[in-house]
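Taking it in order: structure first as structure tokens, then the write-up.
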Amino acid sequence: MKRARVRSAGVVALALVSLVGVGSTAQAEADPAVSSCELDFCLYEHDKFKGAEEEFMFEGWGLCYNVLRVNNKASSMRNNTAARVQFYNSANCSGAYGYAAKPSSSDGDLTNNGFDNKTSSIRYVRP
Ligand SMILES: [Ca+2]
Ligand SMILES: [Ca+2]
């Protein structure tokens, strides 16, 4: 007798949990996702961290990473690291760099640095 009552209470509790779950999911979809840089360094297709995003993981000083998704498209950036990040117009960090991001910095518009829609590779440099 007692056991049966506990079981039915459990079913009601489960139903409530699933209703709450549906409600919070709908709310999350209604809110537009805020662009956040989860990894060490991020490039964005458009000014002010909008459009396509490419995220990079910092694996060591002096390493070069080719830009793939936003190659020749990057217009803003976030640098979450203690590294200076150099921007190159060519792949494989060849030639001279055209712009360097300071450690822990962001730039919502690379135009004023003369490097809008140019970046093809980046290098992490010890500051
Ligand atoms: Ca762009
Ligand atoms: Ca380029």
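What follows is calculated from the coordinates using simple rules that are stated; it is not laboratory data. Source: prediction; values computed, not measured. So basically every Cβ, Gly included, is an ideal-geometry build from the backbone, and we count neighbours across all protein chains shown.
Filter the range 95-115 down to the residues that are in a helix (DSSP H, G or I) and either touching a residue at least 60 places away in the same chain (Cβ under 8 Å) or within 16 Å of ligand 2 (Cβ to nearest atom) (or both) and list them by number. L110, T111, N113 - these are the residues of the range 95-115 that are in a helix (DSSP H, G or I) and either touching a residue at least 60 places away in the same chain (Cβ under 8 Å) or within 16 Å of ligand 2 (Cβ to nearest atom) (or both). Any idea which residue in the range 51-81 is farthest from F115 (Cα to Cα), counting only those that are within 16 Å of ligand 1 (Cβ to nearest atom) and of a type in the set (S, T, Y)? By that ranking, first place goes to S76. Note on the range 94-109: among residues that are within 16 Å of ligand 1 (Cβ to nearest atom) and either of a type in the set (D, E) or farther than 18 Å from S36 by Cα (or both), the one that is surrounded by the fewest Cβ atoms within 10 Å (Cβ to Cβ) is D109. The set of residues from the range 41-66 being in contact with a helix residue (DSSP H, G or I) (Cβ under 8 Å, 6 or more places away or on another chain) and outside any strand (DSSP E or B) comprises just one member, D47. Across the range 76-94, the number of residues qualifying as away from ligand 2 (no atom under 15 Å from the Cβ) and assigned to a loop (DSSP other than H, G, I, E, B) comes to 4. Could you check how many residues of the range 47-75 are of a type in the set (V, I, T) and more than 16 Å from ligand 2 (Cβ to nearest atom)? Total satisfying the criteria: 0. The single residue among K118, K73 that is farther than 17 Å from E38 by Cβ, under 16 Å from the mean Cα position of the chain (by Cα) and not in a strand (DSSP E or B) turns out to be K73.
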